[in-house]
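Each remark here refers to the structure printed beneath this line.
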Amino acid sequence: MEQNIPTRQQAYDLLSKYNKNASLIIHALTVEAVMLHFADILGELEKEKWGIIGLVHDVDYEMYPEHHCIKAREILMQHNWPEDYIHAVESHGWGICCNVKPIHRMEKVLFTIDELTGLISATAMLRPSKSILDLEPKSVKKKWKQKSFAAGVNREVIEQGAKMLDMELDYIIGETIKGMQNAAESIGLKGEIK
């Protein structure tokens, strides 16, 4: 069976087939936007691939939370997705729910920013404007230190990812915010900038 190089529309359709929860769709769109931004700033040639992997990274999460990243392989194989796409999706759960290690830069970026987008979204929602557009990295850093804030966000995973990428955490936070700003309206974080 021939492998299918998925389009963005196919990726979105697959995500929507397995995920009905609006907040999971928004998270997928958020990660897609950040992956596209990092592909841009890192000069990656396969920018669309980065976005598609960001979009489908949690394809199995709503229906199979107990087998997250494991079930994703089955789903993507059923749709003839290429092995490198499947490995990339699986690897964002490394050390959390699977043992597939991020190897390529794209996989390391996904591993790092997946949890981080949750912390940034939560920080943006606390602002009077409820917007990502006026969010500064220092506000996120302040919330980072409050372990009770967005307690579900695994800060150790983010730090581990930053080390794998050999990038400063502050830089990653700043660029993740910029990526999210590119999709502010579609991810519900345009808010009310005066």
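Tabulated results
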read-out	value
Any hit, the stretch 86-108, residues being surrounded by fewer than 18 Cβ atoms within 10 Å (Cβ to Cβ) and touching a strand residue (DSSP E or B) at 6+ places or on another chain (Cβ under 6 Å)	yes
When residues of the stretch 109-147 are limited to those that are of a type in the set (Lys, Arg) and in a loop (DSSP other than H, G, I, E, B), the one surrounded by the fewest Cβ atoms within 10 Å (Cβ to Cβ)	147
Any hit, the stretch 34-45, residues being of a type in the set (A, V, I, L, M, F, W, C), closer than 17 Å to residue 11 by Cβ and under 9 Å from the mean Cα position of the chain (by Cα)	yes
Pick from the stretch 156-173, criterion of a type outside the set (A, V, I, L, M) and crowded, with 16+ Cβ neighbours inside 10 Å, ranking: nearest to residue 104 (Cα to Cα)	161
Within the stretch 100-130, considering residues that are within 20 Å of residue 44 (Cβ to Cβ) and aliphatic (A, V, I, L, M), the one farthest from the chain's Cα centre (by Cα)	103
Residue pairs meeting the criteria (Cβ under 9 Å; at least 6 apart or on separate chains; first on the phi > 0 side of the Ramachandran plot, in the stretch 87-107; second among the charged types (D, E, K, R) and surrounded by fewer than 20 Cβ atoms within 10 Å (Cβ to Cβ))	95/101
Of all residues making up the stretch 19-50, the number that are part of a loop (DSSP other than H, G, I, E, B) and crowded, with 16+ Cβ neighbours inside 10 Å	2
Members of the stretch 51-69 found to be surrounded by fewer than 16 Cβ atoms within 10 Å (Cβ to Cβ) and free of Cβ contacts under 8 Å to residues at least 40 places away in the same chain, listed by number	65, 66, 67
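We did not get these values from a lab; they are worked out from the coordinates using the rules stated. Bear in mind the structure is a predicted one, so any value in this text is a computation, not a measurement. Backbone-built Cβ (ideal geometry, glycine too); neighbour counts: all protein chains shown.
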